[in-house]
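One structure below.
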Amino acid sequence: MNNETIFDLQDVSFAYEGKQTALEHVSLSINAGERIVVLGSNGSGKSTLLKLLDGLYFATVGVVNAYGQPLTEVAFDDDAFNFAFRRKVGLVFQDTDVQLFSPSVWEEVAFAPMQMGLGKAEVNARVDSALHALRIEKLRDRAPHRLSGGEKRRVALASVLTLQPDVWLLDEPTTGLDPRSQSWLVNFIVDQGRAGHTVITATHDLSIVDAIADRVYVFDEAHHVVAQGTPHAILSNNELLLACNLSHDHVHRHDDGNEHMHPHVHPLAHTHTHALKREA
């Protein structure tokens with residue numbers, strides 16, 4: 001990780017069609033090589049933030065800077081900037097069906113490097129490498145829309161991996177995955193971070209945060225950034241998690257009939273351990 005600022009947002013707001021607010025006065029910065037989690041409940045603005053960082057949407061108010069330049073429609077009208085930016089930043093959508101459109105997995109994974117104007121040999125090498133890295137070689141001739149949710153997620157990741165991006169934007173990447181696939185995905189994110197890439201993950205899945213983040217930004221349901229800090233600091237703040245609808249009060253009943261409530265988070269697989277209550 002170095003001190004180069006990749007993204008810098010200053011007092012950014014965004015509203016769909018100028019009416020439906022999705023982000024409200026958001027300021028944050030992300031450095032090269034950081035692993036960032038954007039944490040918030042559904043509808044808090046996480047997905048919108050990633051789309052602003054990817055240049056798919058543009059701020060209604062405020063400034064989004066990437067690599068020292070404002071991300072605006074005018075900036076992307078410049079072919080050189082557009083090409084350079086798209087090679088550096090890759091977004092994996094929450095709904096993989098939105099992202100996958102080619103008739104076969106091979107064509108899906110080959111699409112991005114072909115748009116980069118690479119030679120046939122280089123395209124083939126990148127596709128083969130991505131298929132191998134995601135362990136989906138056997139799917140190369142399959143139609144993406146016929147795959148399982150976990151397989152689709154791997155194909156979507158492979159299609160971005162062929163770009164060899166510096167920055168990964170992952171929108172709710174564990175959605176719809178079984179525990180084994182979730183565990184694999186966490187390892188993939190960790191590996192990208194170890195390789196020096198910037199990884200920004202939007203999620204409400206608290207169980208993966210500690211493994212994949214150096215730093216966490218928390219959104220509330222009013223579309224504001226209300227906290228930032230280390231995973232430990234954020235995950236141990238039960239009041240914050242409850243206020244942002246990221247955890248809930250859970251009732252436990254003991255064999256002696258006593259009940260208690262406490263904030264509760266469900267990881268991928270879990271058991272409950274309680275100290276026995278001693279009677280005076």
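The values are calculated or read from the model by the stated rules, or taken from the named source; none is laboratory data. Please read all numbers here as calculations on a predicted model, not as lab measurements. Cβ sites come from the backbone with ideal geometry, for glycine too, and all protein chains shown count toward neighbours.
Scan (1) touching a residue at least 60 places away in the same chain (Cβ under 8 Å); (2) under 19 Å from the mean Cα position of the chain (by Cα) for the single condition residue 21 breaks and write down its number.
So residue 21 meets the others, but not (2).
Please enumerate the residues belonging to segment 74-133 that are of a type in the set (Asp, Glu), closer than 17 Å to residue 170 by Cα and either in contact with a Ser or Thr (Cβ under 7 Å, 6 or more places away or on another chain) or part of a loop (DSSP other than H, G, I, E, B) (or both).
Once the filter is applied, which keeps residues that are of a type in the set (Asp, Glu), closer than 17 Å to residue 170 by Cα and either in contact with a Ser or Thr (Cβ under 7 Å, 6 or more places away or on another chain) or part of a loop (DSSP other than H, G, I, E, B) (or both), segment 74-133 yields only 95.
Among the residues in segment 212-221, are any without any contact (Cβ under 8 Å) to a residue 40 or more places away in the chain and over 13 Å from the mean Cα position of the chain (by Cα)?
No, there is no match, as no residue in segment 212-221 is without any contact (Cβ under 8 Å) to a residue 40 or more places away in the chain and over 13 Å from the mean Cα position of the chain (by Cα).
Helices (runs of 4 or more DSSP H) wholly in segment 141-250 with at least 1 residues that are closer than 23 Å to residue 100 by Cβ - which ones?
In segment 141-250, 149-161, 179-194 are the helices (runs of 4 or more DSSP H) which contain 1 or more residues that are closer than 23 Å to residue 100 by Cβ.
Considering only segment 1-31, state which residues are farther than 17 Å from residue 230 by Cα and of a type in the set (Gly, Ala, Ser).
Correct list: 13, 15, 18, 22, 27.
Going residue by residue through segment 94-112, is there one that turns out to be within 20 Å of the chain's Cα centre (by Cα), surrounded by 15 or more Cβ atoms within 10 Å (Cβ to Cβ), of a type in the set (Phe, Trp, Tyr) and on the phi < 0 side of the Ramachandran plot?
Looking for residues that are within 20 Å of the chain's Cα centre (by Cα), surrounded by 15 or more Cβ atoms within 10 Å (Cβ to Cβ), of a type in the set (Phe, Trp, Tyr) and on the phi < 0 side of the Ramachandran plot, one finds none in segment 94-112, hence no.
For residue 49, work out the one condition from (1) in a loop (DSSP other than H, G, I, E, B); (2) in contact (Cβ under 8 Å) with a residue 12 or more places away in the chain it doesn't fulfil.
(1)
Here is a yes/no grid of residues against (1) modelled with pLDDT of 95 or more; (2) farther than 24 Å from residue 176 by Cα:
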| position | (1), (2) |
| --- | --- |
| 64 | yes, yes |
| 68 | no, yes |
| 71 | yes, yes |
| 80 | no, yes |
| 83 | no, yes |
| 87 | no, yes |
| 95 | no, no |
| 99 | no, no |
| 103 | no, no |
